[in-house]
1. Return the total of residues in region 124-157 being within 16 Å of residue 174 (Cα to Cα) and assigned to a strand (DSSP E or B).
2. Working carefully through the options 44, 12, 17, find the one that is closer than 30 Å to residue 80 by Cβ, modelled with pLDDT of 95 or more and of a type in the set (A, V, I, L, M, F, W, C).
3. Looking at 200, 168, can you tell me which residue is in contact (Cβ under 8 Å) with a residue 24 or more places away in the chain and hydroxyl-bearing (Ser, Thr, Tyr)?
4. Which numbered condition trips up residue 120, out of (1) surrounded by 14 or more Cβ atoms within 10 Å (Cβ to Cβ); (2) touching a residue at least 24 places away in the same chain (Cβ under 8 Å); (3) hydrophobic (A, V, I, L, M, F, W, C)?
5. Need pairs with beta-carbon distance below 6 Å; first residue exposed (fewer than 15 other Cβ atoms within 10 Å of the Cβ) and within region 43-60, second not in a strand (DSSP E or B); sequence gap 6+ or separate chains.
6. Against the condition closer than 26 Å to residue 90 by Cα and either loosely packed, with under 10 Cβ neighbours inside 10 Å or not acidic (Asp, Glu) (or both), how does residue 11 come out, does it pass?
7. For region 94-106, state whether one or more residues are part of a loop (DSSP other than H, G, I, E, B) and touching a residue at least 12 places away in the same chain (Cβ under 8 Å).
8. Residue 66 versus (1) under 22 Å from the mean Cα position of the chain (by Cα); (2) at pLDDT 95 or above; (3) surrounded by fewer than 16 Cβ atoms within 10 Å (Cβ to Cβ): which is the lone unmet condition?
Amino acid sequence: MGGKFQYMNGRARTNIAFFYYDLSDLQIAQFIRLLFTVLNALSAKDYGVEIENMFQLTDALTLGLDGTWIPHARYGADARIDPVLSDSRFRFTPKFAGNATLNLDQPLGDNLNLLARVQAQYTSRQLISTATRDEQGPVTLVNANLSFRLPQTGVLIECWVQNLFDKTWFSQSFPTPLQTGDRNAYPGSPRTYGIRVRATF
């Protein structure tokens, strides 16, 4: 259930959606020791709200604010699945995740546009292992782009960087094979950057 709204003479837009899921026989992939297994949770529920906002600050500058809040996302109490999962919050499901984006599209001449974009992505703490209760704390990542576009020729030259401040974080953890009590984890992407050239013919 939700709605879409425009206001400020069409220079602002808000989309909002409320959701509720009542699930049964939910499959959960789990890695323990040397094996992958698939468990079926008897029941699970989750609900929350998603909000997307777009504000046209000037003719060239746009602000985007998006967020998802999931206060409840839990497997039901179930003796058939691993006790670490029974009556526990979903894995890889933070309570809040949000984005703030500032976009600039500024003409510099008859055939040259400057485009710039800065994005901050926030994720609250979340469980990152289906076999343990390992958590990743809150993470904020900043990405940025700076581009020059030649509309008449269809050429775009773009400089970009992901994870600008080289934040260290982990996307998933799992018990180390054959080493009781030890953990491994997959790190998130470090700072990456590059240049792209695109052309339309």
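1. 4
2. So the residue among 44, 12, 17 that is closer than 30 Å to residue 80 by Cβ, modelled with pLDDT of 95 or more and of a type in the set (A, V, I, L, M, F, W, C) is 44.
3. Details: 168 fails: in contact (Cβ under 8 Å) with a residue 24 or more places away in the chain.
Of the residues listed, the single one that is in contact (Cβ under 8 Å) with a residue 24 or more places away in the chain and hydroxyl-bearing (Ser, Thr, Tyr) is 200.
4. (2)
5. Final answer for the pair search is 43/76.
6. Numbers: closer than 26 Å to residue 90 by Cα: no; either loosely packed, with under 10 Cβ neighbours inside 10 Å or not acidic (Asp, Glu) (or both): yes.
When the stated conditions are applied, residue 11 does not pass them.
7. Yes, some residue in region 94-106 is part of a loop (DSSP other than H, G, I, E, B) and touching a residue at least 12 places away in the same chain (Cβ under 8 Å).
8. (3)
The values are calculated or read from the model by the stated rules, or taken from the named source; none is laboratory data. Being a predicted model, the structure only gives us computed values, none of them experimental. No Cβ is skipped: glycine too gets one built from the backbone with ideal geometry, and neighbour counts run over all protein chains shown.
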